[in-house]
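Here the structure is laid out as structure tokens; the discussion comes afterwards.
The values are calculated or read from the model by the stated rules, or taken from the named source; none is laboratory data. Predicted model, so just to flag it, every value in this text is computed and none were measured. Cβ placement follows ideal geometry from the backbone for every residue including glycine, while neighbour counts extend to all protein chains displayed. Quick note on the areas: whole protein, heavy atoms, side chains included, nothing else; ligands and nucleic acids left out. Shrake-Rupley method; radii C 1.70, N 1.55, O 1.52, S 1.80 Å.
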Amino acid sequence: MQQQLQGAARLGSGDARPGRPDADLTFRGTPASRLRYNDNDIGNNCMTDAAVLLDRLPSGALQVTINRPEKLNAVDLPTSARLREVMAMAGDDDTIRTVILCGAGVAAFSAGYDIHEMADFDRKTIIASIVERDPLLWEIATHPKVVICAINGVAHGVGALIAAASDIRIGGPATNFRVTATRYGSANATWTLPAIVGMPMAKEILLTGRAVDAQECLRIGLLNHLVPEDQVIAKAIELAESVAANPPQGALSVKALLTASIGKGLEAQYHAEQVMMIAAPSRYRGGGIFEEFLAADGRGEQQDAAG
């Protein structure tokens, strides 16, 4: 178990070279859309037992699937390290516009960290595992790209934490959200959940450790959309396409401003937005930003006719 933790630490620190067998990352897609990690093409590493599956979609979305359905997609240390690698790669790849996180099957997005892996952890190993795996949540929450979480079934423990760190959440009738830390004397999601559902409801959910069903998730804002089970991924892809229909810098700017605004006063938020707005036109040569906007909005011809 200690060796496994040390191996995961090496992956998380970047010592492992993605694309080699020890990275164990699967990419599924057409040869033209292969992903590259540090110039190592991993398009041919198609191992059906890989814990993380990658699909490059035409919209520029990267679909990332936690592929441990036999364990309700529980996240062990190697899986956590691989997810961190994938998120880092997606942030650096300008052709990736959004990231869709999902779990294999319909029973669970993720039931939490792998308790069977943790059963023999001593205190020192537990602390080391927290240091190794928990930065994934921060990396999702502050990721430069839009992160959409497609939640079929259970999202408990780290599954709930990943969902809460994402930008947009889609659920189905069986979606069930639960932050479990309180039940074993700890605390989680205190920095993410209040911004989503408000402080009073966040306190209730976290202090009781109770489960939240799909309908309540929708009502309190924990889900952006509630759709039939077989449409959860499709809805996530639809939203990814909507994001990709806009210029890349727009989504990058909005997310950066929203993330930075948390904890700031209203005046600081206003000035930060003004700085971003003033800088935006310089990214477009010849003022083409407005022509592109009107063309996309279907109003360019109308203005020509009126002029």
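Laid out as a table, the results:
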| item | result |
| --- | --- |
| Which numbered condition R183 fails, given (1) modelled with pLDDT of 95 or more; (2) over 19 Å from the mean Cα position of the chain (by Cα) | (1) |
| Qualifying helices (runs of 4 or more DSSP H) (wholly inside the stretch 103-152; at least 3 residues being at pLDDT below 95, open to solvent by 20 Å² or more (accessible area, probe 1.4 Å) and within 21 Å of T182 (Cβ to Cβ)) | 123-133 |
| Unmet criterion (only one of (1) at pLDDT 75 or above; (2) in a helix (DSSP H, G or I)) for N246 | (2) |
| Subset of the stretch 84-102 (residues that are open to solvent by 10 Å² or more (accessible area, probe 1.4 Å), assigned to a helix (DSSP H, G or I) and either more than 21 Å from P135 (Cα to Cα) or touching a Leu at 6+ places or on another chain (Cβ under 6 Å) (or both)) | R84 |
| Test: residue in the stretch 239-262 that is within 22 Å of the chain's Cα centre (by Cα) and over 20 Å from V146 (Cβ atoms) | no |
| Unique match (being in a helix (DSSP H, G or I) and modelled with pLDDT of 70 or more) among D230, D304 | D230 |
| Criterion violated by A50 - all others in (1) more than 30 Å from P194 (Cβ to Cβ); (2) open to solvent by 10 Å² or more (accessible area, probe 1.4 Å); (3) in contact with a Leu (Cβ under 7 Å, 6 or more places away or on another chain); (4) small (G, A, S) satisfied | (2) |
| Test for Y113: is it without any contact (Cβ under 8 Å) to a residue 40 or more places away in the chain and of a type in the set (F, W, Y) | no |
| Odd one out for N152 among (1) under 25 Å from A260 (Cα atoms); (2) touching a Phe, Trp or Tyr at 6+ places or on another chain (Cβ under 9 Å) | (1) |
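Per-residue answers, yes or no, for (1) at pLDDT 90 or above; (2) closer than 30 Å to Y184 by Cα; (3) open to solvent by 30 Å² or more (accessible area, probe 1.4 Å):
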| residue | (1), (2), (3) |
| --- | --- |
| L222 | yes, yes, no |
| A234 | yes, no, yes |
| I237 | yes, no, yes |
| Q269 | no, no, yes |
| E273 | no, no, yes |
